[in-house]
Amino acid sequence: MDTHKKHGFWHRYFFSLDHKDIGFQYLLTAMFMAAFGGFFVYVFRYNLAFGPNDIPLYGDLAAKQYNQLVTNHGAIMIFWVGMPILLAVIGNFLIPIMIGTDDMAFPTLNKISYWVFLLSCFVLLAGFMMPTGAFGGGWTMYPPLSVSDFGYNNPNTTFWTNFFTGNTFFLLAVALEFISMLMGGINFVVTTLNKRAKGMSLMRLPLVVWMVNIANLLFMFSVGPLIAGAFMLLMDILVGTGFFDAYRGGDPILWQHLFWFFGHPEVYVLLLPSIGAVGEIISTFSRKPLFGYKMVILMVIIAAILSLVVWAHHQFVSGIDPGAANIFSLLTIIISIPFAGMVLSYLGTLWKGNIRFETPMLWALGMLATFTFFGGFTGLHLGSNVFDIYAHDTYFVIAHFHYTLFPTVFLGGFAAFYYWFPKFSGRMMNKTLGLIHFWGTFIFFNSIFIPLFWLGLQGQHRRIYNYSAWNDLLMQPEHIMARQIATVSLIFLLLFQFVFLFNFFYSIKKGKKASKNPWEANTLEWQTDSPPPHGNFDPYPVVQRWPYDYNHPEKELDYCPQSEI
Amino acid sequence: MNIFPESISQIGSEMDKLFWIITAVVGIATVITLFLFIYPIVTRKRNKTKEEMYMVGNSHGKRKWIYIGMILLFLGDMYILLKEHPIWESVEQTLPDPDFKIAIIGKQWMWNIIYPGPDGKLYTDDDIMAYNELHVPVNKVVHMDIKALDVVHSVFLPQARFKQDALPGRTITRWIKLNKTGEYDISCAEICGTGHSIMRGTMYVEDFNTWKKTMANIYKK
Ligand code: HEM
Ligand SMILES: [Cu+2]
Ligand SMILES: [Cu+2]
């Protein structure tokens, strides 16, 4: 009986139920969306540095389009690049092979989740073709701005004219994306709980599997209020219900609470899978056990729970009760402690290691360093409600959250990509190109955002098309230069991504053949062929030990696969 | 190269100082963490035995350095909170008696400023409205009633280190006391539509006599 027969292109990319194929589809789709997110940021950053006219590859940029591009850049990078890569690609590709099983618990649901995701991409992009243009009120969608031209506020509109607007499509796209991620998430959790190989107890699970699951649960816990809010917002737009209209008994701040109750945990949803992958990589390339494995899991659970009660740090000056703001400030600053435990555990893993500087390791260390030193530590500045009075909605915030998100999504994402590429393609990436890609990305990422910290401290506020009205405050030669440094760096950063694209498509076809276990790692995926056959294992592994027995004193080699007695 | 624009209020200067306090705490943490990063990288080629390298960290004793690090950070956190809280209380949770009151109302895309008329009282018939021009006396406590007509805006006075969202349907009263005369910016810090980036006003901080003359001129008009 031949269950392993080769399937054609159509089958593989459109109908396959295999978790690895679905993971690959998510990856390609996310890369496609990242091209939009990256192009948008190029256009609006070019405008900030060199003016709105004759932007190469674009043309002239008007204020309204500026807002649309900023809004969609943010939303795309978070919902259509970060979430699919870190939850769906990592979850799909890794969970079954890391826990030693053939596929997801619900393969069909998995397929549907991908199709819904693809649909959400088209709905979002279709927003640009609406008569009103794409939505441009900020990815946070604060009402009344996000409803002000519609419904009750504009008697000339009908349900259908309100429907065919960028605002409605933006909301629907986000809703579809959530449905997709929820279907995926349920699948990951059930698969992890029910389909583990013999001997794979929870305390033998690789860290990244823990992290993807915690991230999915956190997403499920936090998303409910936003869905309720999004429904109210949709009704405000379509039929003018006025849930967020202060003049008709509604309250604009209510939206902000519902949004950020989800929005803050959301950044941890992105962070956890990424930091999980980074943990695997650091342990493998330090040739040492992950230090304090159980404590890391505990710390992450504590941080995840705390992340549900810090949301109002986005609203210190939005008109909430100033007394309550103190509690949110306290909780936000306290959240640094479990993260410190986690980062120190990773550094404990490095300590005395025989560190191997393979490409994935560089990305992982780059991720950990930038996330900690710039992302995490400036979080303390912003967690202070006093300093946030000044910094809120300035480029200091922009630089801070990009120093958390960019390392999470791209540095951590690329670390994972370079690490598991041999497994999913059966070939090695070119190392020299990988190093060029890393240093180009790492250096220019920093030189984009360090100037933006400074501009924020100078009082440069965000979502501004041009600063010509602030001649004394923000248009001095040093400000103009800082903006130009950031923009030129961004252009270089984008150019270096072509090195990656070339390496990707070249290596997938022509790269050196990869062995089963090129990195000499312990987890189960490295015990099967590269790429794994349909069904993943033959025979199915029996797990004997935890995943981090590197340099075990009783073993000859410096590693010991989980399935080895 | 300066880090902040000039500060024109006592509170603002304290906030700048807080920034440096937090930066110092973070700086110490950075130095320690950076060492933990770099040392193992530099010494990666040294010979180590398997016993040395097989560090699992599976008991509290073996994790003591991690706990010490967390406790140190906790102390740093507490220090930050201790330093910031009094400032927050005086900015946001107390309202000293006003010497002068105005209302500032955001709408797409300008700031309406309402001054009390000759009777000195706000919200009476003789109130006077101006656009994008805020005149305040130096060294006096000024109350601002902040609101918005259409969408959310945010009153941002960068040099005064002041920010407060302006909400439709709600009035939020905050105070400022400025100690330098001059012309300063009023920015809108919350996206409010296409004209968000032209929504700028000017704040004139004037000594008391000049300010009185300005007000008299405004009344005449
Ligand atoms: C490739 C490098 C990137 C650069 C140079 C960049 C730059 C920027 C800038 C300058 C803004 C502010 C624009 C404004 O306020 O007028 C912005 C907004 C934003 N970016 Fe990025 N970004 C990058 C990547 C990312 C990534 C990876 C993410 C998330 C995963 C992200 C998420 C966001 C979000 C959420 C916003 C807020 C959008 C809004 O204000 O509605 N960006 N970006
Ligand atoms: Cu948050
Ligand atoms: Cu505005």
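The values are calculated or read from the model by the stated rules, or taken from the named source; none is laboratory data. What you are looking at is a predicted structure, and each value in this text was computed from that prediction instead of being measured. For neighbour counting, all protein chains shown are included, and Cβ atoms are generated from backbone atoms with ideal geometry for every residue, glycine included. Side chains are part of the model used for accessible areas, which takes the heavy atoms of the whole protein and leaves out ligands, DNA and RNA. Shrake-Rupley method; radii C 1.70, N 1.55, O 1.52, S 1.80 Å.
Okay, residues lined up against (1) more than 14 Å from chain B (Cβ to nearest Cβ); (2) without any contact (Cβ under 8 Å) to a residue 12 or more places away in the chain; (3) in a loop (DSSP other than H, G, I, E, B):
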| site | (1), (2), (3) |
| --- | --- |
| A:482 | no, no, no |
| A:499 | yes, no, no |
| A:525 | yes, no, no |
| A:552 | no, yes, yes |
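When residues of segment B:156-170 are filtered for being buried (at least 24 other Cβ atoms within 10 Å of the Cβ), small (Gly, Ala, Ser) and within 7 Å of chain A (Cβ to nearest Cβ), how many remain?
Selection size over segment B:156-170: 0.
Is it the case that residue A:246 is more than 24 Å from residue A:400 (Cα to Cα), in contact with a strand residue (DSSP E or B) (Cβ under 8 Å, 6 or more places away or on another chain) and away from ligand 2 (no atom under 16 Å from the Cβ)?
Yes, satisfied.
Of the residues in segment A:111-145, how many are of a type in the set (A, V, I, L, M) and either in contact with a Lys or Arg (Cβ under 8 Å, 6 or more places away or on another chain) or assigned to a loop (DSSP other than H, G, I, E, B) (or both)?
4
For segment A:459-468, enumerate the residues that are within 8 Å of chain B (Cβ to nearest Cβ) and open to solvent by less than 10 Å² (accessible area, probe 1.4 Å).
Those that are within 8 Å of chain B (Cβ to nearest Cβ) and open to solvent by less than 10 Å² (accessible area, probe 1.4 Å): A:459, A:461, A:464, A:467.
Pick out, from segment A:328-404, the helices (runs of 4 or more DSSP H) lying fully within it that include 1 or more residues that are within 21 Å of residue A:298 (Cα to Cα), under 23 Å from the mean Cα position of the chain (by Cα) and of a type in the set (Gly, Ala, Ser).
In segment A:328-404, the matching helices (runs of 4 or more DSSP H) lie at A:336-350.
Among the residues of segment A:103-110, is there at least one that is crowded, with 21+ Cβ neighbours inside 10 Å and either of a type in the set (Gly, Ala, Ser) or not in a loop (DSSP other than H, G, I, E, B) (or both)?
Yes.
Looking only at residues that are more than 14 Å from every other protein chain (Cβ to nearest Cβ) and in contact with a Ser or Thr (Cβ under 8 Å, 6 or more places away or on another chain) in segment A:270-306, which one is farthest from residue A:146 (Cα to Cα)?
Once the filter is applied, the top-ranked residue is A:280.
Could you grab me the full set of residues in segment A:321-338 that are more than 9 Å from chain B (Cβ to nearest Cβ) and open to solvent by 30 Å² or more (accessible area, probe 1.4 Å)?
Across segment A:321-338, the qualifying residues are A:321, A:324, A:327, A:328, A:331.
Condition check ((1) open to solvent by less than 40 Å² (accessible area, probe 1.4 Å); (2) without any contact (Cβ under 8 Å) to a residue 40 or more places away in the chain) across all residues:
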residue: A:470; (1), (2): yes, yes
residue: A:473; (1), (2): yes, yes
residue: A:504; (1), (2): yes, no
residue: A:507; (1), (2): yes, no
residue: A:513; (1), (2): no, no
residue: A:516; (1), (2): no, yes
residue: A:520; (1), (2): no, no
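How about segment A:382-408: which of its residues are free of Cβ contacts under 8 Å to residues at least 60 places away in the same chain, open to solvent by 10 Å² or more (accessible area, probe 1.4 Å) and more than 13 Å from ligand 2 (Cβ to nearest atom)?
Residues satisfying the conditions are A:402, A:406.
Condition test on residue B:216, is it part of a helix (DSSP H, G or I) and either away from every other protein chain (no Cβ under 12 Å) or surrounded by fewer than 16 Cβ atoms within 10 Å (Cβ to Cβ) (or both)?
yes
Quick one: would you say residue A:231 is assigned to a helix (DSSP H, G or I) and in contact with an Asp or Glu (Cβ under 8 Å, 6 or more places away or on another chain)?
Answer is no for this residue.
Which residue, of A:337, A:320, A:302, is under 24 Å from residue B:88 (Cβ atoms), more than 15 Å from ligand 2 (Cβ to nearest atom) and aliphatic (A, V, I, L, M)?
So the residue among A:337, A:320, A:302 that is under 24 Å from residue B:88 (Cβ atoms), more than 15 Å from ligand 2 (Cβ to nearest atom) and aliphatic (A, V, I, L, M) is A:337.
If residue A:318 satisfies every condition in (1) free of Cβ contacts under 8 Å to residues at least 40 places away in the same chain; (2) within 8 Å of chain B (Cβ to nearest Cβ) but one, which is the exception?
(1)
Take the conditions of a type in the set (Val, Ile, Thr), more than 22 Å from the chain's Cα centre (by Cα) and buried (at least 22 other Cβ atoms within 10 Å of the Cβ) and apply them to residue A:237. Does it pass?
Spelling it out, residue A:237 is indeed of a type in the set (Val, Ile, Thr), more than 22 Å from the chain's Cα centre (by Cα) and buried (at least 22 other Cβ atoms within 10 Å of the Cβ).
Which count do you get for residues in segment B:174-207 that are within 11 Å of ligand 3 (Cβ to nearest atom), among the charged types (D, E, K, R) and open to solvent by 20 Å² or more (accessible area, probe 1.4 Å)?
1
Within segment A:251-287, count every residue that is within 16 Å of ligand 2 (Cβ to nearest atom), under 14 Å from residue A:143 (Cβ atoms) and of a type outside the set (A, V, I, L, M, F, W, C).
Summing the residues that are within 16 Å of ligand 2 (Cβ to nearest atom), under 14 Å from residue A:143 (Cβ atoms) and of a type outside the set (A, V, I, L, M, F, W, C) in segment A:251-287 gives 2.
Residues being more than 16 Å from ligand 1 (Cβ to nearest atom), part of a helix (DSSP H, G or I) and aromatic (Phe, Trp, Tyr): count how many of those fall in segment A:236-293.
Number of matching residues: 4.
What are the pairs, 6+ residues apart or on separate chains, where a residue within segment A:262-282 that is within 15 Å of residue A:91 (Cβ to Cβ) and at pLDDT 95 or above has its Cβ under 9 Å from a residue that is open to solvent by less than 10 Å² (accessible area, probe 1.4 Å) and within 16 Å of ligand 3 (Cβ to nearest atom)?
Cβ pairs passing all conditions: none.
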